[in-house]
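The values are calculated or read from the model by the stated rules, or taken from the named source; none is laboratory data. What you see is a predicted model, and the numbers here were worked out from it, not measured in a lab. Here the Cβ is made from the backbone with ideal geometry for all residues, glycine too, and neighbour counts use every protein chain on show. Just so you know, the surface numbers come from the protein's heavy atoms only, side chains and all, with ligands and any DNA or RNA stripped out. Shrake-Rupley method; radii C 1.70, N 1.55, O 1.52, S 1.80 Å.
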Amino acid sequence: MIASLGMYDRPETAAANDALWAGIWRVLGYGPEYLDRTTAEMDIWQSPDLVFSQTCGMPYRLGLHETVQLVGTPDYGFADVPAGYYYSVFVVRKDDDSDLADYQDRILAYNEPTSQSGWAAPQNHVFGLGFQFEKLLRSGGHIASAHAVANRTADIAALDVVTWRLMCTYDALANDLKVIQTTSPTPGLPFITGPKSDASAILSAAIAARDTLSAEHQKILGIRKIVSIDTAIYLSVRTPPT
């Protein structure tokens with residue numbers, strides 16, 4: 001059996017993620033004792049022995065929904081968006097232009113072509129403004145995208161707002177950047193389980209585990225509650241051409 005929480009896992013959040021999984025494991029009474037931090041994310045998500053993980057909305061709608069079960073979606077308490085929703089922030093250098101339209105012919109750093117927050121959300125957003133980003137730099141990660149903007153390898157990036165909040169807390173790099181706009185909100189990164197699991201039991205365990213986290217770990221993870229968002233809503237999000 002396998003479990004992971006890699007989406008927002010970094011040295012400063014690792015202990016809190018471990019505590020969340022330990023709480024789920026205790027309630028369930030089965031599963032791996034520790035989170036997997038070495039196996040590739042897609043291999044984890046596609047494993048028939050998956051007990052618990054968190055995935056991105058884009059790979060979920062592109063095919064994972066056929067092989068995994070939704071457990072629930074963490075709500076991070078962002079203002080002016082529905083519970084369980086999130087958005088991306090467009091970041092540029094602090095001394096650069098503040099009008100998003102000015103970046104039409106400049107370089108977008110994006111993490112992965114299957115990322116909702118780093119690829120689909122920004123392209124869908126500017127599609128509504130009448131253009132698409134065509135000059136591109138694939139960075140491999142949100143923090144790498146932020147570095148690319150800061151060091152002038154790229155000019156703009158769209159970062160998952162949860163990742164951006166963590167960067168503002170832990171990374172001095174964030175001081176070199178500014179947010180010039182946000183994308184429309186979409187369903188957040190869902191918790192999933194494999195085809196053989198009892199998704200409702202795992203949801204109950206996840207809720208109980210979140211509620212019993214220490215105040216420090218709750219603050220670090222930022223999860224206010226876990227909500228249910230229908231699969232059809234995830235599948236309705238537009239996928240831009242790659």
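A few comments on the model shown:
- Rg over Rh for the stretch 47-137 works out to 1.03, both radii taken from alpha-carbon positions and Rh defined as the Kirkwood radius.
- Computed [θ] at 222 nm, helices only, for the chain once each DSSP H run of length n ≥ 4 contributes -39500 (n - 2.57): -9000 deg cm²/dmol
- Cross-link reach list, lysines versus LYS225, counting only Cα pairs under 26 Å and skipping chain neighbours closer than eight places: LYS196
- Listed by number, the DSSP H helices of the chain that run 20 Å or longer by alpha-carbon position along their axis and have mean Kyte hydropathy of at least -0.5 are 14-28.
- Chain lengthening between ASP18 and ALA79 when straightened (0.36 nm per residue, less Cα-Cα): 19.2 nm
- Each Cα pair under 8 Å and six or more residues apart adds its sequence gap; the mean of these over the residue count of the chain is a relative contact order of 33 percent.
- Here the calculated FRET efficiency for GLN46 and ASP95, from their Cβ-Cβ distance with R0 = 41 Å, stands at 0.40, rounded to the nearest 0.05.
- Size-normalised alpha-carbon gyration radius of the chain, reference 2.2 N^0.38 Å: 1.00
- Listed by chain and number, the aspartates and glutamates whose C-alpha is less than 12 Å from the C-alpha of LYS94, apart from same-chain residues fewer than 8 away, are ASP155, ASP176.
- Residues of the chain: accessible area per residue with a 1.4 Å probe, Å²: 44
- Chymotrypsin sites (Phe, Trp or Tyr not before Pro) restricted to DSSP loop in the stretch 55-155 with at most 14 other C-beta within 10 Å: PHE131
- Charge dipole (Cα centre; +1 on Lys/Arg Cβ, -1 on Asp/Glu Cβ; no other charges) of the chain amounts to roughly 180 debye.
- Taking every alpha-carbon pair in the stretch 117-170 and binning the separations at 10 Å intervals from zero gives 23, 53, 22, 1 percent.
- Rounded percent of accessible protein surface that carbon and sulfur make up, the chain, 1.4 Å probe: 51
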